[in-house]
1. Amide H of V245 versus every other amide H placed in the peptide plane: which residues, excluding those fewer than 5 positions away on the same chain, fall under 5 Å?
2. Which whole-angstrom value gives the distance between the alpha carbon centres of segment 246-289 and segment 1-46?
3. Taking R0 as 41 Å, what's the FRET efficiency between W241 and D17 from their Cβ-Cβ distance, rounded to 0.05?
4. Say each of E124 and L279 gets a label point 7 Å from the Cα, pointing the same way as Cα to Cβ; how far apart are those two points in nm?
5. Given H placed 1.01 Å from N in the peptide plane, which residues other than close sequence neighbours of A73 have an amide H under 5 Å from its amide H?
6. Explain nothing, just the number: dipole magnitude of the chain about its Cα centre with +1 on each Lys and Arg Cβ and -1 on each Asp and Glu Cβ, in debye rounded to the nearest 20.
7. Of the residues A138, A271, A120, which exhibits the maximal mean-square fluctuation in a Gaussian network model of the chain defined by a 10 Å Cα contact cut-off?
8. Select from C95, C22, C119 the residue whose mean-square fluctuation is largest in a Gaussian network model of the chain (Cα-Cα springs shorter than 10 Å).
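What follows is calculated from the coordinates using simple rules that are stated; it is not laboratory data. As the structure is a prediction and not an experimental result, all values here were calculated from the model. Cβ: placed from backbone, ideal geometry, glycine included. Neighbour counts: every protein chain shown.
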Amino acid sequence: MIEGFYGTPWTHEERLDLIGFCGDVRLNTWVHAPKDDPYHRKLWRDPYPDEELARLGELAAAARGCGVDFAYAIAPGLSIRYSHDDEFDLLLAKCEQVHSVGITTVQLLWDDVQPTLNCAEDEERYGGEEHPSGAAQAELSNRFGAALDQDGPLVVCPIAYSGTEDSAYRRAWRRLLDPSIVVYWTGPEVVSMAIAREELDAAVDRFGDRDLLIWDNYPVNDFASEWFFLGPLRARDPRLWSGRVRGLIANAMVQAVPSKLPLATVADYLADPESYDPLTSFERALARYGAEVRGALEKLVWTPHKVGPSAPDLAALVEALALGVDAATGFALLEPFV
């Protein structure tokens, strides 16, 4: 799973709780990438203050204790000058800082930035490319991956992280990006209702026949944080796993505890994609986490709660939750089942 949303980042206590949850449900990777952690993105050049760094070290240690790989992601794309050696040195220095507290895996994210260059030297070096910023990002990613000392390949998120169409950006990446680098892909859409094997194959081809890592934007809700996506993961093709895919990272909701209900079903799907049944998985998740999630939702219901919507059975509940619900509706719908 990834803490990769926009909005107020989770507290340290929420992260420790969710790392323990990952261990319990056998999610084996945690990616630290909160968009509004300034040191992850906006202030990527600046080292973490001592207290913040110590907390990252505590999270990494907790993850190790739960059998979870803690990956730190850095996102310099808002302002980096690709051709400047001093900028690259700052990027490596930031990684060395997090390495110092026991974080051994680093990822590089270029998502959600404008496809522009940030200095005259970059314009001179990359301006003649079909997609200048795509070429710049590919070359810096290669240099970054070569400089890192870590087990496993570098994972990088491109600007063009969804869909299956061709583009100048993707042509630059498939021509220039080191073939050992794994690329994040969110599916046919930014928030994909379904992901099929054929769509994966098309995306693999667009990125130059390289391995992809699915960044699944379910159950994330930062685009409408008052809505909760509480139901089970659905419509992820079990045939994905015989294709060029390294795994699936689920992007959690802004609200930590409610994320447990859908994420538990993500874990079930990943444990056995062929046999995964959303209803069976959701029933199990409700028994284990439903009361905790309903308690968290109750704290977000600001008006006195009266009789709310109901679902006659588990299948109807799953359908009622499928497109998201507000806190009051989620609280009422879960009541008969937990």
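1. Close amide H contacts, sequence-distant or interchain: L212.
2. For segment 246-289 versus segment 1-46, the Cα centre distance is 18 Å.
3. That gives a FRET efficiency of 0.90.
4. Result for the modelled spin labels: 6.7 nm.
5. Close amide H contacts, sequence-distant or interchain: H32, Q107.
6. Value, rounded to 20: 540 debye.
7. A120
8. Of the options given, C119 has the highest mean-square fluctuation.
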